[in-house]
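Everything on this sheet refers to the single structure shown next.
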C-alpha cells in the first residue's frame, strides 16, 4: 500500500519487500496446520514405520478424500461469511441416488453418474443459496432447516432400503481401490478439485469477490460486487462438491442408505477452521481447508498406529479446533498492530 | 454468525430511516398489540391450535399416558432451550450443550460403577457441567473468541472426553428408586414428577430474562454490544455466567437423560443441540440477537415435541417429522421477511402514486445537504 506513494521511501519499501519472502511464508494462515500435519506424520512414522507404508499411505489418503472435497466447498461458503450445515444431508441424498441409479439403469456410464450426482448437489446447494440471499435469513438458520429437510427426504426415499457395493459395477468401486503412483483415483479427483478451486479463489474476479463479500458485505455491495449472485455461486459450488463427495462416498463405502453422512456437518466446518479459514469470513484458503481435513482424518489413523486409545481421537480434534481459533485471533491482533504502525509511519 | 449482524445493524437502520422516514413509527406496535402479534406469540397460538386439533382428531392423544410420554420426551430439549434462549438473545450461540449432557452422562456411569454414593455422583456430574460451561465462557466471554467456532470445538472436545471417560461401555444399573422417580407421574394427571423441577427452572430463567435489569441488559447486548457497554452493562461477566448456566442446565439434562433411560453412554443426547436450536429459533428468538422470549422458546420446543408425538401416534414415521421440523423452521424465518418485502413494496407503490415528485424532492434535499457540507 505504500509502494509508489513517496519516492524517497523506496529504499525502505525495497528492504521491506526483500524481507517479505520469509516473512510472508511465516505469515501464511496455512502454516500452523501444515506444521501440525508434518509433525504428526513424522512423529507417528518414527513410532511406527508401517504408518507410511504403501497400504498405510493409501488408507490415509482414502480416508481424507471425501472430507477434503467437502471442506473445500465449505471453505468457499465460510469465506463469504456464511455457513452450510446441510452438507452431510446433501452427501447422503446423492450417495443414495447414486446407488439407486446403478440399480435402476443397468450399465449406465460412470461419467453420467458423476454428472447426475453433481447436478443433484447443485440443485440442493442452490436452494440453500436462494433462501439465504433472497429471504435474507442467516445461513445458519436456513441450512439448519435444510439439513433436516434433505435428511427427511432421504429417509422418505430410502426407507429401510440400502444399496451395497455388490449393486454397483466393479469399475465404479475400483475408483477407490486402484492407484496411480500410490494415489487412489478418488484422491486424485480430490486433488484436482483443490487445485481448480484454489486457482478460482486466488486469481479470478468472482473468487476475489467472495473474499470481499466475506470481509465486509456492505462495502462489497457499495463497490458494485453482485453480492447475491456471488453468494449463490458459493452455495451452488458447495452443493456441486457435496454431490461429488456423495458419488465418491458410494464408490468408497460398502453401503449407502437413509442415514449416510449424518452428523458430518461439524467435522467439515472444523476441518475448514483448523485449516485457517476464519469463521467470520474474508480470510483463509481452500488449500488450508484441505490440509485441515487431511490433518483431522490423519489423527485417527495416527492414534491407531501408535496404539493410543481410539477414544482420545475426538477430544484431540476438539482441542485442535480451539487451538486454531486462538492462533487465528493472535495473528489477527498482530496484523492489526502492524497495520496501525505502518499507517502511522506513512502519515 | 453473531458478530457481523451487530456490526451491520447501525447501517441497516440508517438505510431504512432515510428511505422512508415515516415507516418505522408506523410499523412499530405498542402495548398489548405488540404482545398479541409478536413472533413468539404466534408460535404459542400455533401450539394451542395444534393441541386442540390433536385432542379432537387424533385418537389416544388426549390421555394422561400420552401427556406423560410427550413430556418425558421433551424435557431434555425443554431444559436446554432455556439457557440457549438467553445466549442467542445476546447474539452468541452454544453448540456444545448436547456434548456436555453426554459428558455428564458418561461421568455418572463411571462414578456409579466405581461404587460412589449416588448423591456424590450427581454432585460431581453437575459440577462437571458447571466447569464445562465455565470453559466455554472463558473462551467466548473473557477471551472474546467467536462462539460459533469455539462451541464447535468444545462440541467435539466434550463428546470426546465422554468417550475417553466411558469408552463404548454402558452403565445401566442405577438405583431403581431413583430411576422410577424420574419416570413417575403426579397422581393420575400423567404429568411427570420431574416437571415440577423443570417448571421451576423455566420460571427462574423467565424471570431473569424478562423481569430483571440483568435480563433487559441481555437484550441490549444482543442488539448492540457497543451501546450495551456504554449504558454500563458488564458484557464479559453477563456472557460468562450465561455459559455457566448453559453448562449447568445441560448437565441437568444429561442426568435426567441417564436416569430416565437408565443408561449412561457416551453418545447420549447426541445431535440434541440442533433440535434445541431449531426449536428456539422457531419460537421467535432471533439468531441476530436482541429478540426473543422464554414463553416463545418453550412453545417452540413443545410444538415440535407435540407434532413429533402425534405423528408417531398416527403411525407416521419419524421421516416426516424431520421434514416438518425443517420446513417449520425455514417457514418461520422466511415468512417475516417475505411479509416485510410485500409491505415495503406496497408502501413505496402508495408513495409513488400519491407523491409523484418524491424522487425529485429527495434529490433537492440531497443537494442542499451537499452544499451545507461544502461550506
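For the reader, a short list of remarks on this structure follows.
- Chain A: relative contact order as a whole-number percent, Cα under 8 Å and 6+ apart: 33
- Of B:138, B:120, the sequence from fewest to most neighbouring Cβ atoms within 10 angstrom is B:120, B:138.
- A simple spin-label model places pseudo-atoms 7 Å from Cα toward Cβ; at residue A:59 and residue A:310 they are separated by 1.0 nm.
- Counted residue by residue at 0.36 nm each, then reduced by the alpha carbon distance between them, the extension gain from residue A:156 to residue A:342 reaches 61.0 nm.
- Per-residue ellipticity at 222 nm, computed for chain A from helices alone with -39500 (n - 2.57) per DSSP H run of at least four residues, works out to -24500 deg cm²/dmol.
- Inter-label distance for residue A:262 and residue A:28, nm, one decimal - labels placed 7 Å from Cα along Cα-to-Cβ: 4.0
- Förster radius 30 Å - calculated FRET efficiency between residue B:168 and residue A:43, Cβ distance, rounded to 0.05: 0.65
- FRET efficiency, residue B:114 to residue B:180 (Cβ-Cβ, R0 25 Å, nearest 0.05): 0.60
- Contour excess over end-to-end distance, with Cα ends at residue B:45 and residue B:331 and 0.36 nm allotted per residue: 101.4 nm
- Sites residue A:35 and residue A:188, calculated FRET efficiency, Cβ-Cβ separation with R0 25 Å, nearest 0.05: 0.45
- Across region A:199-347, Cα pairs under 8 Å and at least six residues apart give a relative contact order of 18 percent.
- Kirkwood hydrodynamic radius computed over region B:3-370 comes to 22.4 Å, based on all pairs of distinct alpha carbons.
- Relative to the longest principal axis of the Cα atoms of chain A, the long axis of helix A:286-305 makes an angle of roughly 60 degrees.
- Highest average packing first - A:328-340, B:181-193, B:213-225, Cβ atoms within 10 Å: B:213-225, B:181-193, A:328-340
- Label-to-label distance for residue A:219 and residue B:211 is 4.7 nm, based on points extended 7 Å past Cα in the beta-carbon direction.
- Along each principal axis, taking the top coordinate minus the bottom one, the Cα set of the protein assembly as shown gives 86, 74, 55 Å in descending order.
- Cα gyration tensor shape of chain A, rounded if a/c is under 1.5, else prolate or oblate by comparing a/b with b/c: oblate
- Each Cα pair under 8 Å and six or more residues apart adds its separation to the average, and for region B:3-370 the resulting relative contact order is 30 percent.
- Net length gained if the chain between residue A:335 and residue A:52 were fully extended (0.36 nm per residue, minus Cα distance): 98.1 nm
- With a cut-off of 19 Å on the backbone N, the residues of region A:176-216 near the modelled label site 7 Å out from residue A:108 along Cα-Cβ are A:176.
- Shape box of region A:225-273 [Cα atoms, principal axes, largest first, Å]: 45, 21, 17
Coordinate-derived values only; no laboratory data. Everything numeric in this text was worked out from a predicted model, so none of it was measured. Cβ sites come from the backbone with ideal geometry, for glycine too, and all protein chains shown count toward neighbours.
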